[in-house]
Amino acid sequence: MSKLIELKSVSVDYESGRALDNVSLSIYRDDFIGVIGPNGGGKTTLIKTILGSVDYSGEIEYFEEFSNNKSKFIGYLPQINNFDRTFPISVKDVVLSGMMSRKTIFSQYSKSDKSRADELLSMVGVEALSNKAIGELSGGELQRVLLCRALISDPKLLILDEPANFVDNKFEKELYAILRTLNKKIAIIMVSHDVVMITSVVKNIVCVNKNVHRHRSNSISNEQLKRYNCPIQSMSSADMSLITMDKY
Ligand SMILES: Nc1ncnc2c1ncn2[C@@H]1O[C@H](COP(=O)(O)OP(=O)(O)O)[C@@H](O)[C@H]1O
Ligand SMILES: [Mg+2]
């Protein structure tokens, strides 16, 4: 499979200090990467670096379609606490705002954009909420709507930052089923703090704690986490026995 994005010796410094140190990572077209790591380890910073929204040193190469405008080709579901829910905007307009990068400020959404928005909302089972204000939604409903927003531009890469926060178990399972289907056509990067849960969904794990290690499997042991200097909630053997490893 060919590469979509390659980070070469990328570092990110905030005023508070270094968040990512000398990161080299390739992302391929068929990837389904689970990003794990401790709180404050730099997971969101890694995502923002790929999106081009933080300053970095080093080099990031975007292949083929990415060369002109990366926001067109990357769908992004931000960590939910970054999203301003008090903004008075309807569900449908939130979904359509995912097209912004392709529009000038004066252009209108086309009929086909609007019917694509309806299609996506019914795919995730919230078509009835279309005209509600986003402030009225539950956490799970909001994540469904933000997923539609991330998908409306038909991205080649979908990035989700902790999508299972604040959602019900039912939606978490539905979400993973949707992602598996999407991954037949597009690459996916999903940040999660639940290493046990993502093991049954992703193909590869990337550990982020200032440094970044790509682990070539969807299961990871406590010993490996230690070796990658990636302290996260450890897995008990009881948890491990619940994991099905044969999804791919
Ligand atoms: N905008 C910012 N300005 C200054 N420091 C930041 C900023 N964003 C994140 N940080 C710091 O960078 C480190 C990595 O944060 P983050 O990427 O959000 O980690 P994670 O998503 O793994 O919890 C943390 O120490 C955090 O406090
Ligand atoms: Mg984060």
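Some notes on this structure:
- Orphan Cys of the chain, criterion: no other Cys C-beta under 4.7 Å: C148
- Span from the segment 1-29 Cα centroid across to the segment 166-204 one, whole angstrom: 22 Å
- Carbon/sulfur fraction of accessible area - the chain, other protein chains in place, 1.4 Å, %: 49 percent
- Of the DSSP H helices in the chain, those whose Cα atoms cover at least 15 Å axially and whose Kyte score averages 1.6 or more: none
- Highest-fluctuation residue, K226, K173, K48 considered, GNM on the chain with Cα pairs under 10 Å: K226
- The K111 and N169 beta-carbon pair, evaluated with R₀ = 41 Å, returns a calculated FRET efficiency of approximately 0.65.
- For K185, the aspartates and glutamates whose Cα comes closer than 12 Å to its Cα, not counting residues fewer than 8 places off in the same chain, are D30, D31, D154.
- The local environment of K43, defined by Cβ-Cβ distances under 9 Å, has a net charge of -2 under the rule Lys, Arg +1 and Asp, Glu -1.
- Bridges between two residues of the chain, per DSSP, are antiparallel at a rate of about 55%.
- Residue-normalised accessible area of the chain, expressed per residue, 1.4 Å probe, Å²: 49 Å²
- Dipole magnitude of the chain about its Cα centre (Cβ charges: Lys, Arg +1; Asp, Glu -1), debye to nearest 20: 440 debye
- Relative contact order %, the chain, counting alpha carbon pairs below 8 Å whose residues are six or more apart: 27 percent
- Members of K111/K132; K8/K203; K170/K226; K48/K226 lying beyond 30 Å, as alpha-carbon distances in this model show: K170/K226
- For the pair N131 and K8 in one chain, pulling the backbone fully straight at 0.36 nm per residue adds 39.9 nm over the alpha carbon distance.
- Under a Gaussian network description of the chain, with springs only between Cα atoms under 10 Å, the residue in G139, G98, G42 that fluctuates furthest is G139.
The values are calculated or read from the model by the stated rules, or taken from the named source; none is laboratory data. Quick caveat: nothing in here was measured; it's all calculated off a predicted structure. We place every Cβ from the backbone using ideal geometry, glycine too, and count neighbours over all the protein chains shown. All accessible areas refer to the heavy atoms of the entire protein, side chains included, with ligands and DNA or RNA removed. Shrake-Rupley method; radii C 1.70, N 1.55, O 1.52, S 1.80 Å.
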